[in-house]
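Working notes for the structure below.
The values are calculated or read from the model by the stated rules, or taken from the named source; none is laboratory data. A quick note: this is a predicted structure, and the numbers were derived from the prediction, not measured. For neighbour counting, all protein chains shown are included, and Cβ atoms are generated from backbone atoms with ideal geometry for every residue, glycine included. Calculation scope for accessible area: heavy atoms of the full protein, side chains included, ligands and nucleic acids excluded. Shrake-Rupley method; radii C 1.70, N 1.55, O 1.52, S 1.80 Å.
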Amino acid sequence: MTDRKAVLEGLRDELIERIDRYRAHKERRGGALDKDIEEQAVEVQNDDVVDGLEREAEEELAQVMRALARLEAGEGDDCERCGEPIDPRRLQALPYTTVCVDCAEP
Ligand SMILES: [Zn+2]
């Protein structure tokens with residue numbers, strides 16, 4: 001079995017780096033004002049996309065941090081909702097999950 005903590009830490013670092021890149025992208029754009037309206041529209045649209053990606057990465061990061069915290073508390077392999085052990089195959093496929101397959105279903 002792979003070390004889930006190491007996998008999660010890798011994911012966390014990757015996400016932090018990604019969020020940094022999105023922010024840098026937006027800041028760069030904020031500094032340079034455009035001459036061309038059309039160009040501006042494209043950039044604003046692009047920013048919406050980056051905003052969406054950033055939000056997604058932030059949510060994923062929050063989930064990874066929660067899984068890491070639970071892992072460190074010694075309860076990382078148990079479902080957050082029902083307390084039953086989470087299937088190891090599920091943990092392998094989704095290392096950041098904190099619920100078992102039954103509780104993940106709506
Ligand atoms: Zn459960």
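Quick notes
- Region 60-69, subset touching a residue at least 24 places away in the same chain (Cβ under 8 Å) and more than 16 Å from A6 (Cβ to Cβ), residue farthest from the ligand (Cβ to nearest atom): L61
- Consider region 1-21 and keep the residues that are farther than 19 Å from Q63 by Cα and in a loop (DSSP other than H, G, I, E, B). The one that is modelled with the highest pLDDT is T2.
- Qualifying residue in region 31-39 (condition: in a loop (DSSP other than H, G, I, E, B), over 21 Å from E9 (Cα atoms), at pLDDT below 95 and open to solvent by less than 40 Å² (accessible area, probe 1.4 Å)): yes
- Qualifying residue in region 48-59 (condition: at pLDDT below 75 and surrounded by 14 or more Cβ atoms within 10 Å (Cβ to Cβ)): no
- Single residue of A24, A69 found to be surrounded by fewer than 14 Cβ atoms within 10 Å (Cβ to Cβ), modelled with pLDDT of 95 or more, among the hydrophobic types (A, V, I, L, M, F, W, C) and part of a helix (DSSP H, G or I): A69
- Residues in region 78-96 that are in contact (Cβ under 8 Å) with a residue 12 or more places away in the chain and within 12 Å of the ligand (Cβ to nearest atom): C79, E80, R81, C82, E84, P85, I86, D87.
- Among the residues of region 83-93, just one is loosely packed, with under 12 Cβ neighbours inside 10 Å and part of a loop (DSSP other than H, G, I, E, B), namely G83.
- Qualifying residue in region 72-89 (condition: in contact with a Leu (Cβ under 7 Å, 6 or more places away or on another chain) and modelled with pLDDT of 95 or more): no
- Checked against (1) over 28 Å from E17 (Cβ atoms); (2) open to solvent by 60 Å² or more (accessible area, probe 1.4 Å); (3) assigned to a helix (DSSP H, G or I), C103 meets all criteria but (2).
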